[in-house]
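For reference, the structure is listed below as structure tokens.
The values are calculated or read from the model by the stated rules, or taken from the named source; none is laboratory data. As the structure is a computational prediction, the values presented were derived from the model and not from experiment. Glycine also receives a Cβ, built like all others from the backbone with ideal geometry; neighbour counts cover every protein chain displayed. Please note that ligands, DNA and RNA were not included when accessible areas were found on the heavy atoms of the full protein model with its side chains. Shrake-Rupley method; radii C 1.70, N 1.55, O 1.52, S 1.80 Å.
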Amino acid sequence: MATLGIPQNTIEVLQKYKFNFQKKFGQNFLIDTHVLDKIISSANVTKEDMVLEIGPGIGTMTQYLAENARKVVAVEIDKALIPILEDTLQEYDNVKVINEDILKVDIRALAEEENGGKAIKVVANLPYYITTPIIMGLFESHVPIDSITVMVQKEVADRMQVGPGTKDYGALSLAVQYYAKPEIVANVPPNCFMPRPNVGSAVIRLTRHSEPPVVVKDEKLMFRLIRASFNQRRKTLVNGLNNSPELCFSKEEIAKALETMGLSQTIRGEALTLEQFGELSDILYDMKRK
Ligand code: SAM
């Protein structure tokens, strides 16, 4: 039975094993059953699913996942947590714990091995210090994924969800929205964790698009353009792209592309939609090929 969501039970486990929280691993354990229920229901986990959990901690959410999924693979970096997980998860025969850094795991191979290459669901209360590399790694490595439902810093969840013209809009918004549909499903205050984080948190569900919302001739070029535009946020797009060491377009070429798109020469990257970055990327791509 899933019981670790009750604070007293978590405290007992921590005391039994004399566990010391490691700040460097972003350890803030969930101690709120309502939040745990909300994550599980938002992730739509069923008995058909293989779930990848990143950072199980003492196994609180893992217990909930094990009761709802066919198979749970949980990757935990902190070896001090492994004996604890063996204890808290002993009732479940559908959980596999891997003691590894998630950024070093070949998740594609794991999905092949454990789920016959079918799309997996990722569910996690993420370590906040590596939220972006984890999410981008999952998308860019072409792991077959159905959805990613994760607890992240509130501010990061906002950045993933917003569109042009807002201060939070940036390279992360565009990258996430290229691969998935983001929806914030819950805001979670610090008192739902032990120890309490210094920031607010939110649960966000990223549902993978079956087809990307824009089709471009060179995906890498579009992402280089996006990065260059937001690296130099206060510059106009023409200057930002022209100054980027990752790109080799003259001011005239960029100006010409903007003119073709009917955009102002003084426009900034933060005003462009994903579709417009796609169009710009294709125009510049064609120019270089001529
Ligand atoms: N899932 C647990 C919960 O909700 O109570 C713990 C969540 S805690 C925010 C993040 C977890 O990720 C910790 O257990 C931490 O040790 C683990 N972690 C940190 N960096 C990791 C990495 N690179 N690879 C795998 N796990 C990591």
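Odds and ends about this structure:
- For Glu100: the one exception among (1) near the ligand (Cβ under 10 Å from one of its atoms); (2) surrounded by 16 or more Cβ atoms within 10 Å (Cβ to Cβ): (2)
- Test for Val122: is it within 12 Å of the chain's Cα centre (by Cα), surrounded by 19 or more Cβ atoms within 10 Å (Cβ to Cβ) and closer than 27 Å to His34 by Cα: yes
- Filtered residues of the stretch 73-88 (kept if more than 9 Å from the ligand (Cβ to nearest atom) and open to solvent by less than 10 Å² (accessible area, probe 1.4 Å)): Val73, Ile84, Leu85
- Restricting the stretch 157-176 to residues that are open to solvent by less than 60 Å² (accessible area, probe 1.4 Å) and small (Gly, Ala, Ser), the residue that is farthest from the chain's Cα centre (by Cα): Gly163
- Glu211 satisfies every condition listed in (1) under 21 Å from the mean Cα position of the chain (by Cα); (2) in contact (Cβ under 8 Å) with a residue 24 or more places away in the chain except (2).
- Residue list for the stretch 166-198, filter: in a helix (DSSP H, G or I), touching a residue at least 40 places away in the same chain (Cβ under 8 Å) and under 23 Å from Pro212 (Cα atoms): Ala171, Leu172, Leu174, Ala175, Val176, Gln177, Tyr178, Tyr179
- Here Glu253 meets the list (1) in a loop (DSSP other than H, G, I, E, B); (2) buried (at least 16 other Cβ atoms within 10 Å of the Cβ) almost entirely, failing just condition (1).
- Boolean, Val95 is within 15 Å of the ligand (Cβ to nearest atom), more than 11 Å from the chain's Cα centre (by Cα) and under 18 Å from Ala43 (Cα atoms): yes
- Pick from the stretch 44-57, criterion within 15 Å of the ligand (Cβ to nearest atom) and within 11 Å of Ile120 (Cα to Cα), ranking: most open to solvent (accessible area, probe 1.4 Å): Val45
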